[in-house]
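The values are calculated or read from the model by the stated rules, or taken from the named source; none is laboratory data. No experiment lies behind these values; they were computed from the predicted model shown. Using ideal geometry, Cβ is built from the backbone for each residue, glycine included, and neighbour counts are taken over all protein chains shown. What goes into the accessible areas is simple: the full protein's heavy atoms, side chains included, and nothing from ligands, DNA or RNA. Shrake-Rupley method; radii C 1.70, N 1.55, O 1.52, S 1.80 Å.
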Amino acid sequence: MNDEIPYKCTCGGELKRSKVEVEFFGINFGIRDAEICTLCGSEYLDQDTMKEIEAEVKEKNIFGLERKLSVTKSGNSLVIRIPPEIAEFLGIHYKSIVQLFPVDKDRLEIKVVS
């Protein structure tokens, strides 16, 4: 199922039909049909597949967990507050232990340890 698509990606690359593993907030939604750019690697899911995944996301109560937050200060440290919905989803509570590490210049990752 690696057919060429008659239109191009926004980057100008060719699109091919293939299968991709769909993951959202670390939850695997399985292998789905997609169009993949041979130049930039962008993956595009069709509208029906997106509706199916959106319904599953809403069913799992993870729809809308993404937030933009302000960084505040406490002493010499910078503080990021974790909204209660995200804390509940991750199982984080007062005195939880997390690992914090930069992934690149504009991405920070937090791993819940306990």
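A few notes on this one:
- Loop-resident trypsin sites (Lys or Arg not before Pro) (DSSP state other than H, G, I, E or B) in the range 69-99 with no more than 10 further Cβ atoms inside 10 Å of their Cβ: Lys95.
- Using alpha-carbon coordinates, inclination of helix 47-59 to the longest axis of the chain, degrees: 30
- Gain on full stretching of the segment that runs from Ser74 to Tyr7 - 0.36 nm per residue minus C-alpha separation: 18.9 nm
- The separation of the range 81-107 from the range 1-49, counted between C-alpha centres, amounts to 30 Å.
- On full extension, the segment bounded by Arg17 and His93 gains 23.0 nm, given 0.36 nm per residue less the C-alpha separation.
- Spin-label pair Ile53/Asp33, simplified geometry with 7 Å Cα→Cβ offset, distance in nm: 1.5
- Think of it as helices only: each DSSP H run of n ≥ 4 in the chain is worth -39500 (n - 2.57), and spread over all residues that comes to -5000 deg cm²/dmol at 222 nm.
- Taken per residue, the accessible surface of the chain reaches 80 Å², heavy atoms only and a 1.4 Å probe.
- Inter-site label distance for Glu66 and Asp104 at 7 Å from Cα along Cβ, in nm: 1.6
- Whichever lysines have a C-alpha closer than 17 Å to that of Lys60, once near sequence neighbours (fewer than 8 apart) are set aside: Lys51
- In the complete set of protein chains, residue-level accessible area for Phe29 is approximately 10 Å², probe 1.4 angstrom.
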